[in-house]
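Bear in mind these aren't lab numbers, they're just calculated from the coordinates by the rules spelled out. Quick caveat: nothing in here was measured; it's all calculated off a predicted structure. Cβ: placed from backbone, ideal geometry, glycine included. Neighbour counts: every protein chain shown.
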Amino acid sequence: MSGQNYHHIGSLLPEDGKRPQFAQFYIYDTKNEIDNRMNTLLNPEKKTEIDNEIVVELSKMLDQHNTLVKSFRMVRDKYKEQPEATLRLRLLQNRASDGRQYNMPTISEVVGLIVGDFSEANYERDVIVEHRTNGLQRITDLHPSFMSMTYPLIHPYGEDGYRLRIPFRGVKEITPETKQLTMLQYYSFRFQQRLNEGYTLLRAGRLLQQYIVDSYMAIEEEKFRYVRKHQNKLRTHLYSGLMDAIHRGDSDCTKVGKSIILPSSHTGGPRYRAQNYQDAMVICKWAGYPDLFLTFTCNPKWPELQDMLNLIGQKDDENRVDIICRVFYIKLYQLMQDLKREQPFGKIIAWSDKTTATVQSIDNTEGIDEIKTYLDCIYISATEACWRIFQFDIHYRKPSVERLPFHLPGEHTVIFGEDKCPENVLGTPGVDKTKFTEWLETNKNNEDARELTYSDFPTCWVWNSKDKIWTRRKQGIAIGRIYFAHPSTGERFYMRMMLNFVKGCTSYESIRTVNGVTYSTFKGACYALGLLDDDKEWIDCLTEAALWATGNELRHLFVTILINCQVSDVTKLWKSNYTTLSEDITALQRKRFKMEDLQLNDQQVEAYTLFEIECNRLVNEELDYDTKQLKILHDKSFALLNPSQKIAYEAILNSVENEEGKLFFISGHGGIAALLLPNGRTAHSRFHIPLEVTAESTCEIRHGTLLAELLMQTSLIIWDEAPMANKYCFEALDKTLRDILRTRYENSTTKPFGGLTIICYEIF
């Protein structure tokens, strides 16, 4: 299966002129139910291959034993009594009984019949089957009847499947955190063959494979629900730790925008892959490049597989992927044991499974939904789904890698519940202890520990996460990997650079100490240790470009170097190239101010040069007017206003000055089209509205861009020919402004257009 999995249910009755299908067979035209079922086959030739009597017997069996079928038959009987009534079937989510297979729920527990109008309030995850509609309703995988509705012949009694809050019973070593059964544990239990249970599911052929994939996608969907629900917590407490800032420099994730991230704990996510890839590279750094690459592939003709299938009476059944996975896992484990013990290729120092790294464009990080991206790219087979449900290893390596966080003073990550007050959190014992701070403490108290760098520390010491202390290693081996830091994180980046070289540090000051001299910054210490270059290559680059490039091109090159290259001393680079970067500044200011004899001193030239580098071109265009001339034009136009126009003028001005964010619709004679307004632009051009706009569309404006900054400084938007625009254009701008302006106006996400004053104009 590729992509996301959905299960839907239609209406109780088919639309006029259409044949019944799926659950409608139990209600509509039941006299011809068998023929209707047979006629649904797309290939008429297949119809002759189906035994009509078997279909009849199956239908009778479901009528007699299946609780869900009985509920739909109840609707049929109700229609016979009240043919004009508008009925809805409510498939209840909550149960009074425990839902075990031998304790079947009654019809009253499973369904409720709704006559007439109803309110969907308090229905939670109940499924409401409508009277007659052309739409479909999604069935949540948390509904107890989820699998019974999808696979009625595998669950002929309509018994309940997984539901929330199933308690453990008869299980030893239950911790307070694991009192209830998880969805993964439930389906892992279901795919076992037991002598005291029926084999309907395990003998379902290809349906078994579909069932396994459905089960795994339901497990994944449950994880995604948790991730989406806890996005604020993930971004605040995990993302702000800046651990493994992959793909892009996430130095401030609160400015990323509408990001929906997958944490590193989610198997297969981008952070999971990146962390395991970096762990594999650390092993290569420690042990050297790999000498042997092995690919181990399953053979469906393995005698172990055939013997097991013969034993259970399913000879040559390749649909038993659960058995295939188990046999493959056993043989893979045995292969690794043979390689380690027999040593046919020599002594194995380290190993790691195959790790795949993906490289993708990072130009558009606004609105990134990593869950959607993950689902769009996912391809799940029944074999992989079964492997994941049984929780077999996806990735393993030797030696183990200890991931080592680090942080600037007072900037370590603290995770706490939303209901906790800061005072109680800070008063928690050990809240200030981290792997990094305890490494410093261990160095203070143990002289031999000072012979190791931070990354080498796990080779001789073991981290006790419960007591938050480092203890001496008694057996085994592990290597350390310091979390990655992007150059944009500043001092944190230089601190990591120092940690790779210095030994025996007992404080932050000792990390910054080189040859007995304590430097004020980690960057300065890196210079003293010779870890940073003198930036000569970037100085030469600008000097060479100055021979042919214009001042504007040189300034763009300067910014490109700052953004994409690791410049050690930005101030030195600026001072070395200040003259060439500011060569045309005086001429630009003379043109801008229309003063041919304008003279600027060195300080002014430097200030204007920095302004050109840092300025927002779009904002400058909107401010590039002669305010004196505009004042004269305003006074003349204001004197010509009639009483009605003055009322509108004052209302708009008050809304702008008081930031009331009101919406105005002005209708008048004559136009103010984009071509007639100075610097006027069409709405699609200015706001980047998609050409094919839909109800879900938003404007392509990213946080931190020049256009976003322009909107942050905007007080009024005038939209001409408003009635001619598609309503989705306004909705797209509304959603975008609510997001962009959330740091400017209080509660902007709840205000129309984020709190900006909008004038819609019409000509008649």
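Obtain the nm distance between the two label points defined at TYR379 and LYS662 by a simple spin-label model: each point lies 7 Å from its Cα along the Cα-to-C-beta direction.
Taking the simple label geometry, TYR379 and LYS662 are separated by 5.9 nm.
Please give the length that would be gained between TYR329 and GLU509 if that part of the chain were fully extended, namely 0.36 nm times their separation in residues minus their C-alpha to C-alpha distance (nm, one decimal).
59.7 nm
Using +1 on the beta carbon of Lys and Arg, -1 on that of Asp and Glu, and nothing else charged, what's the dipole of the stretch 283-337 about the Cα centre, debye to 20?
Using Cβ point charges on Lys, Arg, Asp and Glu, the stretch 283-337 gives about 180 debye.
Any chance you could run the full-extension gain for ILE34 through GLU596? It's 0.36 nm times the residue separation minus the Cα-Cα distance, nm to one decimal.
Going from the current span to full extension adds 192.9 nm.
As an exercise, use a Förster radius of 35 Å and the Cβ-Cβ distance of ARG225 and HIS684 to find the FRET efficiency, rounded to the nearest 0.05.
0.45
Given a Förster radius of 25 Å and the C-beta distance between LEU311 and LYS60 as r, what FRET efficiency does 1/(1 + (r/R0)^6) yield to the nearest 0.05?
Efficiency, rounded to the nearest 0.05: 0.15.
Once the other residues with Cβ under 11 Å from the Cβ of ASP624 are scored (Lys, Arg +1; Asp, Glu -1), what is the net sum?
Residues close to ASP624 contribute a combined charge of -1.
Which one of LEU581, TRP548, PHE611 has its Cα pushed farthest toward the positive end of the charge dipole of the stretch 537-615, where Lys and Arg give +1 and Asp and Glu give -1 at the Cβ?
The residue sitting most towards the positive pole is PHE611.
Quick one: putting +1 on the C-beta of Lys and Arg, -1 on the C-beta of Asp and Glu, what dipole do you get for the stretch 432-539 around its Cα centre, in Debye to the nearest 20?
Roughly 500 debye for the stretch 432-539.
For the stretch 629-763, what ratio Rg/Rh do Cα atoms give with a Kirkwood hydrodynamic radius?
Expressed as Rg/Rh, it is 0.97.
Given charges of +1 on the Cβ of Lys and Arg and -1 on the Cβ of Asp and Glu, with all other atoms neutral, how large is the dipole of the stretch 629-763 about its Cα centre, in debye to the nearest 20?
The dipole magnitude comes to about 200 debye.
What distance in nm lies between label points placed 7 Å from Cα along the C-beta direction at ASP635 and ASN747?
4.2
Order the peptides 182-191, 320-329, 280-289 from the highest to the lowest mean number of other Cβ atoms within 10 Å of their residues.
Most protected by this proxy first, the peptides run 320-329, 182-191, 280-289.
Tell me, what is the FRET efficiency for GLU491 and ASP534 to the nearest 0.05, using R0 = 22 angstrom and their Cβ-Cβ distance as r?
Efficiency, from the Cβ-Cβ distance: 0.65.
Compute the length gained on full extension between SER520 and ASP432: take 0.36 nm times their separation in residues and subtract their Cα-Cα distance, giving the result in nm to one decimal.
Stretched out fully, the SER520 to ASP432 stretch lengthens by 29.3 nm.
So, by mean Cβ neighbours within 10 angstrom, what's the order for 697-708, 637-648 with the highest one leading?
697-708, 637-648
Can you compute 3J(HN,Hα) from phi for each residue in the stretch 492-498, using the Karplus curve 6.51 cos²θ - 1.76 cosθ + 1.60 with θ = phi - 60°, rounded to whole Hz and x for Gly and Pro?
3J(HN,Hα) across the stretch 492-498, in whole Hz: 5, 5, 6, 5, 4, 4, 5.
Can you order the peptides 622-630, 494-502, 565-573 by their average number of other Cβ atoms within 10 Å per residue, highest first?
Sorting 622-630, 494-502, 565-573 by mean packing, highest first, produces 494-502, 565-573, 622-630.
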